[in-house]
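Participant: Quick one: this structure, given as structure tokens, is what I'll be asking you about.
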Amino acid sequence: MALGSFDLTVGLGAIPIRRGRWSWIERMRLAAEITAAYVRTRRVLGHAPIAVVVARLRTPTGCHAGSEQQDLLVLARDLAGAVSRMLALLPGDARCLARSLVLTRLLARRGISARLVIGARATPDFSAHAWVEYDGHPVLPPGDGSFGRLVEL
Amino acid sequence: MTSKTAPDVALLNAHITVPQHVVYRSFPAETVVLNLQTGCYHGLNPTGGRMLEELERSPNVAAAVAAIAECYGQPSSTIEEDLVELCDALCQRGLIEIDGAREL
């Protein structure tokens with residue numbers, strides 16, 4: 001069996017989609033899930049093209065049992081906030097691409113099909129930015145509006 | 001008159017494609033090119049960006065030379081030199097593929 005192909009989150013079911021605050025236990029499980037997703041992301045990134053990385057993080061996928069689009073958007077944004085806060089606490093890269101990849105993983109586990117967008121701007125200096133969108137709505141900050149879209153994955 | 005070398009003639013007849021793993025966007029000051037396989041960003045000045053766009057939509061490099069020469073009001077020979085050099089640079093960085101018999 002090839003090393004590095006196991007899923008650290010086996011046994012950690014994704015938090016169900018529902019309105020209302022998460023319990024303490026649910027928050028702890030989410031923190032563990034984010035950490036595991038971050039470890040997986042770091043392991044894959046740098047060894048494969050970004051499109052392959054995104055595809056790997058999207059499998060296996062979960063399913064959402066007929067939740068409404070608005071509920072999914074709210075959940076996606078809640079998860080985005082949790083990812084940003086958690087990655088800020090972890091050692092290593094907490095920049096936009098890492099956040100976007102981790103969030104993509106979390107959303108895929110819940111059957112939420114999101115797009116990872118990479119943009120760039122040339123002035124005043126060159127800069128690139130990555131964010132995640134669900135149903136055309138940004139769930140991670142898309143920047144200040146100056147980033148032109150390069151690719152959606 | 002400078003005679004064309006065989007590789008240059010082959011390049012002029014070649015069709016240029018931008019592979020799927022290469023994406024680019026033109027801004028007023030620069031064209032940003034991203035190679036998704038390498039994760040590297042590349043920058044082209046506005047003229048280079050215009051050349052890349054023309055290369056992608058033209059049936060071959062010679063047609064791109066003609067279009068750009070007309071656009072900028074420059075001699076075809078000058079544009080041809082610049083475009084061949086640009087194709088070399090882009091190909092070396094994996095940003096274009098040349099469909100035609102030419103070794104760089």
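The values are calculated or read from the model by the stated rules, or taken from the named source; none is laboratory data. Bear in mind that the values here come from a model prediction, so they are computed numbers and not experimental data. Positions of Cβ are backbone-derived with ideal geometry, glycine not excepted, and every protein chain shown enters the neighbour counts.
Participant: Could you tell me how many of the residues in segment A:56-87 are without any contact (Cβ under 8 Å) to a residue 12 or more places away in the chain and either surrounded by 15 or more Cβ atoms within 10 Å (Cβ to Cβ) or assigned to a helix (DSSP H, G or I) (or both)?
Facilitator: 4
Participant: Consider residue B:31 against the criteria (1) at pLDDT below 95; (2) closer than 27 Å to residue A:46 by Cα: it satisfies all of them except one. Which criterion is unmet?
Facilitator: Single failed check for residue B:31: (1).
Participant: Further question: Before we move on, is residue A:109 at pLDDT below 95, surrounded by 19 or more Cβ atoms within 10 Å (Cβ to Cβ) and out of contact with any His (no Cβ under 8 Å at 6 or more places or on another chain)?
Facilitator: Answer is yes for this residue.
Participant: If you go through segment A:90-99 one residue at a time, how many are buried (at least 24 other Cβ atoms within 10 Å of the Cβ) and within 14 Å of another protein chain (Cβ to nearest Cβ)? Steps first, please.
Facilitator: Step one: of segment A:90-99, the residues buried (at least 24 other Cβ atoms within 10 Å of the Cβ) are A:99.
From what's left, within 14 Å of another protein chain (Cβ to nearest Cβ): none.
Of the residues in segment A:90-99, 0 are buried (at least 24 other Cβ atoms within 10 Å of the Cβ) and within 14 Å of another protein chain (Cβ to nearest Cβ).
Participant: Could you please tell me which pairs satisfy a Cβ distance under 6 Å, a separation of 6+ or placement on different chains, a first residue in segment A:132-148 that is within 14 Å of chain B (Cβ to nearest Cβ) and farther than 12 Å from residue A:72 by Cβ, and a second residue that is crowded, with 17+ Cβ neighbours inside 10 Å and basic (Lys, Arg)?
Facilitator: A:146/A:121; A:147/A:121; A:148/B:25
Participant: Within segment A:22-46, how many residues turn out to be touching a helix residue (DSSP H, G or I) at 6+ places or on another chain (Cβ under 9 Å) and among the β-branched types (Val, Ile, Thr)?
Facilitator: 4
Participant: So, in segment B:36-50, exactly how many residues are in a strand (DSSP E or B) and within 9 Å of chain A (Cβ to nearest Cβ)? Explain how you work it out, then say what you get.
Facilitator: Step one: list which residues in segment B:36-50 are in a strand (DSSP E or B), which gives B:40-44.
Next, only the ones that are within 9 Å of chain A (Cβ to nearest Cβ) stay: B:41, B:43.
Adding up the residues that qualify gives 2.
Participant: For residues in segment B:73-84 being within 15 Å of residue B:50 (Cβ to Cβ) and without any contact (Cβ under 8 Å) to a residue 24 or more places away in the chain, which is surrounded by the fewest Cβ atoms within 10 Å (Cβ to Cβ)?
Facilitator: Looking at the filtered set, the residue picked out is B:73.
Participant: Consider residue A:11 carefully, then state whether it is out of contact with any Pro (no Cβ under 9 Å at 6 or more places or on another chain), at pLDDT 50 or above and on the phi > 0 side of the Ramachandran plot.
Facilitator: On the way: out of contact with any Pro (no Cβ under 9 Å at 6 or more places or on another chain): yes; at pLDDT 50 or above: no; on the phi > 0 side of the Ramachandran plot: yes.
Here the answer is no, as residue A:11 does not meet what is asked.
Here's the yes/no breakdown for (1) under 14 Å from the mean Cα position of the chain (by Cα); (2) farther than 22 Å from residue A:117 by Cα:
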| position | (1), (2) |
| --- | --- |
| B:9 | no, yes |
| B:17 | yes, yes |
| B:28 | no, no |
| B:64 | yes, yes |
| B:77 | no, yes |
| B:81 | yes, yes |
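Participant: Kindly indicate the residue of segment A:123-139 that is surrounded by 21 or more Cβ atoms within 10 Å (Cβ to Cβ) and closer than 29 Å to residue B:44 by Cα and also farthest from the chain's Cα centre (by Cα) among those meeting that condition.
Facilitator: The residue in question is A:129.
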